[in-house]
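The structure appears below as structure tokens.
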Amino acid sequence: MAREPRERRRDRDEERDSEFVDKLVHINRVAKVVKGGRRFGFAALVVVGDQKGRVGFGHGKAREVPEAIRKATDAAKRALTRVPLREGRTLHHDVAGRHGAGRVYLRAAPPGTGIIAGGPMRAVFETLGMADVVAKSIGTSNPYNVVRATFDALKRQDSPRSVAARRNIKVSALQARRRDGDAEQAAAD
């Protein structure tokens, strides 16, 4: 097998990287006291997504901020997750997620609502490409746990297609049931 020239490989890697949007969520500075004074280290939390339903987060540590951000971005690109979106703009159903003391609730929203969410969750939704969502973070405000809880919630998201496949029925039959349930609910109110 012939090896690809280095320039062509680099161009392909840059092209792949250009499709991703990355957001820096948090930087933590830690100090280690040594004989000559303090040595600082930095930890970065970065969220990366293609704004078409794929998103990932990464954590990187280094002596300088740019190096920590680069490491975190590389880790995020290696850990991308696909999330099913309804109409490419919101969730299919309401969902809750948790990680440690962090709990989040994500709700589907009608068109025009926008992203109603706090800092770390907002970064996840913007890089994911979600346009309408209402989210609430309960418990800890630690950005690492909030991001992990958000990813836990997004992993629990099911599309009608996957539910129909699991139940061995057609998607149209599943959505007809949903419309009938909504009509019964409206009649009861």
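The values are calculated or read from the model by the stated rules, or taken from the named source; none is laboratory data. Since we're looking at a predicted model, the values are computed, not measured. Positions of Cβ are generated from backbone atoms using ideal geometry, with glycine treated the same way; all protein chains shown enter the neighbour counts. Calculation scope for accessible area: heavy atoms of the full protein, side chains included, ligands and nucleic acids excluded. Shrake-Rupley method; radii C 1.70, N 1.55, O 1.52, S 1.80 Å.
Before moving on, here are some points about what is shown:
- Between Gln51 and Arg179, the distance separating the two model label sites (each 7 Å from Cα on the Cα→Cβ line) works out to 3.3 nm.
- Using every pair of separate Cα atoms, the Kirkwood estimate puts the hydrodynamic radius of the range 90-189 at 14.8 angstrom.
- Overall dimensions of the range 37-127 by Cα: Rg and Dmax, Å: 15.7, 56
- Cross-link table Lys23/Lys71; Lys23/Lys155; Lys32/Lys61; Lys61/Lys155, entries beyond 24 Å C-alpha to C-alpha: Lys61/Lys155
- Among Ala117, Asn145, Tyr105 - extreme Cα towards positive end, dipole of the chain, charges at beta-carbon: Asn145
- Computed from phi, the 3J(HN,Hα) profile of the range 29-43 under the Karplus parametrisation 6.51, -1.76, 1.60 (θ = phi - 60°) reads 9, 10, 10, 10, 7, 10, 3, x, x, 10, 10, 9, x, 10, 10 Hz, with x in place of Gly and Pro.
- The share of Cα pairs per 5 Å bin across the range 139-182, counted from zero up to the longest distance, runs 5, 20, 16, 14, 11, 10, 10, 10, 3 percent.
- Average accessible surface for the range 72-135: 44 Å² per residue, computed with a 1.4 Å probe over protein heavy atoms with every protein chain in place.
- Scaling the Cα radius of gyration of the chain by the globular reference 2.2 N^0.38 Å produces a ratio of 1.28.
- Protection proxy ranking of 167-173, 110-116, 71-77 - average other beta-carbon atoms within 10 Å, highest first: 71-77, 110-116, 167-173
- Under DSSP loop assignment and at most 16 Cβ neighbours within 10 Å, longest GluC sites (Glu not before Pro)-free interval of the chain: 88-189
- Note on the range 19-102: with neighbouring protein chains present and a 1.4 Å probe, carbon and sulfur make up 50 percent of its accessible heavy-atom surface.
- Charge tally in the Cβ shell below 10 Å around Val21, where Lys, Arg are +1 and Asp, Glu are -1, Val21 excluded: -3
- Calculated P(r) tail over 19 Å for the range 15-75, as whole % of Cα pairs: 37
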